[in-house]
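Have a look at the structure below, then the notes.
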Amino acid sequence: MKLGLMMALIVFGLLTNPAAAAPADPQPSLASPTAETRLCAPNRARVLDAVTRASAHYSLPTRLTMGLIWVESNCRPDAVSSAGAVGLMQVMPREIGYQFRDRPTSAQLRDIDTNVVWGSYILQEMDSRYCGLWHRYNSRYLSKSESGYWQCALGAFWGGTQVYFSGRLTPNEQAYADMVIGAAGRVDITR
């Protein structure tokens, strides 16, 4: 009985996976001392406005969203990964498969506002839907304002929703989360 229920949960999780965005190719090196912390020069005001609105709506730290944008696309709205993820936050468009039918098209995701809203929505969904077990085992994070709180959602954003079943991040997911959190700590969000 328990095994059947567990298998049903796994299958349901695979079928309803809101699919994590894949990182853009290539990823920026955050170790470089010359790395640009004042991102999005040509579209800076528009990106910051979109990030501020979406972060407030989905209760995400603005710096975290900008750090994610830095790591995923280096602030290029036209970035497309080898997996087909599009835009600033590397959101998978609906053309990729049936499970994405509610998402915008690849062309729509090139719009800064659309991409930031969808990317923020996905990150928030990863946290609220898949990170409960992780937060239970890592209960030292009492506030969503603490950067460590978002490790699970970031790992799921990059690697998928298996954190829901395991309650822990893989080494690659942890490295990705650490990279985004590091970028968030260094990014300049002043106008």
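The values are calculated or read from the model by the stated rules, or taken from the named source; none is laboratory data. From a predicted model like this one, the values you see are computed outputs, not experimental measurements. Every residue, glycine among them, receives a Cβ derived from its backbone with ideal geometry; neighbour counts consider all protein chains shown. Only protein heavy atoms, including side chains, enter the accessible area calculation; ligands, DNA and RNA are left aside. Shrake-Rupley method; radii C 1.70, N 1.55, O 1.52, S 1.80 Å.
Based on the mean of other Cβ atoms within 10 Å per residue, sort peptides 60-73, 171-184 so the most packed one is first. Please list the in-between numbers first.
On the way: 60-73: 25.5, 171-184: 19.2.
Descending packing order for the listed peptides: 60-73, 171-184.
How much FRET efficiency would the formula 1/(1 + (r/R0)^6) give for residue 56 and residue 107, where r is the Cβ-Cβ distance and R0 is 22 Å, rounded to 0.05?
Numbers: r = 27 Å, r/R0 = 1.22.
With a Förster radius of 22 Å, E is 0.25.
So what is the accessible area of region 50-191 per residue, in Å², with the probe set to 1.4 Å?
Working: 6140 Å² over 142 residues.
Accessible area per residue: 43 Å².
Leaving out ligands, DNA and RNA, what percent of the accessible area of region 43-99 is carbon and sulfur, probe 1.4 Å?
50 percent
Report, to the nearest whole %, how much of the accessible area of region 150-191 belongs to carbon and sulfur atoms, 1.4 Å probe, protein only. The partial results should precede the final answer.
On the way: 960 of 1720 Å².
Here it works out to 56 percent.
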